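The values are calculated or read from the model by the stated rules, or taken from the named source; none is laboratory data. Bear in mind that the values here come from a model prediction, so they are computed numbers and not experimental data. Reconstructed Cβ throughout: ideal geometry from the backbone, glycine too, with neighbour counts over all protein chains shown. The protein model used for the area step is the full one, side chains on, heavy atoms only, and it has no ligands, DNA or RNA in it. Shrake-Rupley method; radii C 1.70, N 1.55, O 1.52, S 1.80 Å.
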Amino acid sequence: MEVQLIHEKWSKVECDALLVPLFEDQLDSEGLAQEINISQDGLLSELEQNGGWTGEQGENTTIYRPRGTKIGRLILIGAGPKNLYSEVDYRALFMSVVVSTKAYRLPVLGILSVGSPDPKRMARCALEGLMLGVASTVDEYKTVERPVAGVGQVLLVSEGSEVDAVTASDLERKAGVMATATNDARRWTNEPGNIMSPSRLADQAQKIADSSSLDIEIWDEKRIEKAGMNTLLGVARGSDEPARFVIIRHQGAPSSDSPPGVLIGKGVTFDSGGISIKPSLHMEEMRTDKAGACAVLAAMQAISRLQVPQNVVGLLAVVENLPSGRAQRPGDVVRSMGGKTVEVINTDAEGRLILVDAIHYARQLDPAFIIDIATLTGACVVALGKVRAGIFCNADRLCSAVQEAASKADEKVWPLPLDSEYRHDLRSYIADIKNVGGRWGGAITAAKFLEEFVGEIPWCHMDIAGVSLYPEGSVVKGATGFGVRTLVEIVSDSSLYPE
Ligand code: BES
Ligand code: ZN
Ligand code: ZN
């Protein structure tokens, strides 16, 4: 997909479709909406009068072959009230419009960001949204012939100096890398458990490393056992598919000794719950319980392509959680890599068990900080719904950096607490700690469990259980790729590394 910057009046642009975001308040004022209205003999006012157009967020309307132009379709996108500009996820908005209007089949698409309070942000969101929209169909396993996405060229239309050439080429590069990585994470996450086994996910990582400057090491079960990662192996025991631990290194700092930022992803290729088996309703969604690992892998790819000038290590803890005669039982006690013993109360709380061994490995790298990302708890979905991911940090400085990174990436997060009282629920009379607490505050007790293994290192845990899939009823289905862009922004923040 080629991106081209065009300085031209919107009506002079030649393209198959021109996407134009319009704010509610623009309809009754001067400006772009009026200009379009007048050029189309009052069509917009007419639509407005009969309820065909309000400018509400998510509403869109198509004007075919607008007169006096060489535009195939003018797609007006309801951008909502202008005063909510900073809150709205315009990337998602553009993505849904591209999907619902099937604009992804058109060879030349134009985007206009005129009239927006921040045209650069609008252009970036539009470009990324468009790229996400083009790759939004989850139909790889449909055998009927499907129309392929046809977009070959994207025109960034800027009537004045809203978007200059430097911004445009910057945008093209960064938006291109970010959207591609997000789409990769979505595609990998969507893969079913019978295809994307732990070893296949590791193969995928190998492929990414082979085609980039990333260095990779893939541990098989023997090697994992040798390292003493018993809480990770305990989860994998029930499955015939062997576990994998993947270490991906990006050396961006001048010295290979500089402390790295470490990203850890939960990669449960299928989570049945194990012996503490889940109810069957919606169990199929647990094929996406590897979203965290897929986000880390995709982020590493983007980090290498953007040549982030820091050392970054990505760790993928990859297992399948199934019941069998060999499976780990509730009541089992396992010794983690760091030596702490864990009483496994519930085999469905497996994410934290694989993460803590990865966290211990990370500590040995003398890291500047550790971020883990995981579809960890249903309780986080109860707390924050499907809008924001929960974040838990042991250091205020890192917490604000993560929030800032997320807001740059237009991904929504919300900090949740780690008070010491929450630890009480995890007391075990037989081992150092148990893997689940009581009924309440489940997202927090899960984070408290992880914190126990982190020590003094600045650490942030992102629970993406609620945001890893598009909610029911969305135009777009399957995985969102949440976290990829935020992770890239976090590791790019030079203030998080020692001088
Ligand atoms: N993978 C699930 C969490 C999850 C739930 C992800 C919903 C996406 C959507 C996790 O492994 C799990 O099963 N957690 C349990 C923990 C409980 C046993 C303490 C849960 O949340 O019910
Ligand atoms: Zn589980
Ligand atoms: Zn899980």
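Brief remarks on what is shown
- The numbered conditions (1) surrounded by 20 or more Cβ atoms within 10 Å (Cβ to Cβ); (2) away from ligand 1 (no atom under 12 Å from the Cβ) are all true for residue 407 except (1).
- Within segment 410-453, the set of residues being among the small types (Gly, Ala, Ser) and open to solvent by 50 Å² or more (accessible area, probe 1.4 Å) comprises just one member, 420.
- Scanning segment 103-111 turns up no residue that is in contact with a Pro (Cβ under 7 Å, 6 or more places away or on another chain) and either buried (at least 20 other Cβ atoms within 10 Å of the Cβ) or aliphatic (A, V, I, L, M) (or both).
- Residue identified as in contact with a helix residue (DSSP H, G or I) (Cβ under 9 Å, 6 or more places away or on another chain), within 16 Å of ligand 3 (Cβ to nearest atom) and open to solvent by less than 70 Å² (accessible area, probe 1.4 Å) among 245, 270: 270
- Residue match in segment 213-225 (condition: assigned to a helix (DSSP H, G or I) and crowded, with 22+ Cβ neighbours inside 10 Å): yes
- Of all residues in segment 423-441, none satisfies the criterion of being of a type in the set (S, T, N, Q) and in contact with a Gly (Cβ under 6 Å, 6 or more places away or on another chain).
- The set of residues from segment 267-282 being in contact with an Asp or Glu (Cβ under 7 Å, 6 or more places away or on another chain) and not acidic (Asp, Glu) comprises 268, 269, 270, 273, 274, 276, 278.
- Checked against the criterion of being open to solvent by 60 Å² or more (accessible area, probe 1.4 Å) and in a helix (DSSP H, G or I), segment 53-74 contains not a single residue that satisfies it.
For (1) assigned by TED's automatic domain parsing to the domain that holds residue 253; (2) more than 19 Å from the chain's Cα centre (by Cα); (3) more than 23 Å from residue 335 (Cα to Cα), each residue gets a yes or a no:
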| position | (1), (2), (3) |
| --- | --- |
| 367 | yes, yes, yes |
| 370 | yes, no, no |
| 382 | yes, yes, yes |
| 409 | yes, no, yes |
| 413 | yes, no, yes |
| 419 | yes, yes, yes |
| 424 | yes, yes, no |
| 428 | yes, yes, no |
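- Residues in segment 420-444 that are free of Cβ contacts under 8 Å to residues at least 24 places away in the same chain and either in contact with a helix residue (DSSP H, G or I) (Cβ under 7 Å, 6 or more places away or on another chain) or not in a helix (DSSP H, G or I) (or both): 425, 427, 429, 437, 438, 439, 440.
- Applying the condition of being closer than 13 Å to residue 353 by Cα and polar (S, T, N, Q) to segment 226-242 and asking which residue is least open to solvent (accessible area, probe 1.4 Å) yields 231.
- Criterion: closer than 17 Å to residue 241 by Cβ and away from ligand 3 (no atom under 14 Å from the Cβ) - qualifying residue of 336, 324: 324
- Among the residues making up segment 348-384, those that are in a strand (DSSP E or B) and within 16 Å of ligand 1 (Cβ to nearest atom) are 372, 373, 374.
- Flag for residue 260 being closer than 25 Å to residue 494 by Cβ, away from ligand 2 (no atom under 13 Å from the Cβ) and open to solvent by 50 Å² or more (accessible area, probe 1.4 Å): no
- All of 308, 319, 268 fail the test of being in a loop (DSSP other than H, G, I, E, B) and either in contact (Cβ under 8 Å) with a residue 12 or more places away in the chain or in contact with a Leu (Cβ under 8 Å, 6 or more places away or on another chain) (or both), apart from 308.
- Criterion (within 15 Å of ligand 3 (Cβ to nearest atom) and closer than 25 Å to residue 294 by Cα) met by exactly one of 348, 366: 348
- Identity of the residue in segment 361-380, open to solvent by less than 30 Å² (accessible area, probe 1.4 Å) and either of a type in the set (S, T, N, Q) or at pLDDT below 95 (or both), that ends up farthest from residue 264 (Cα to Cα): 377
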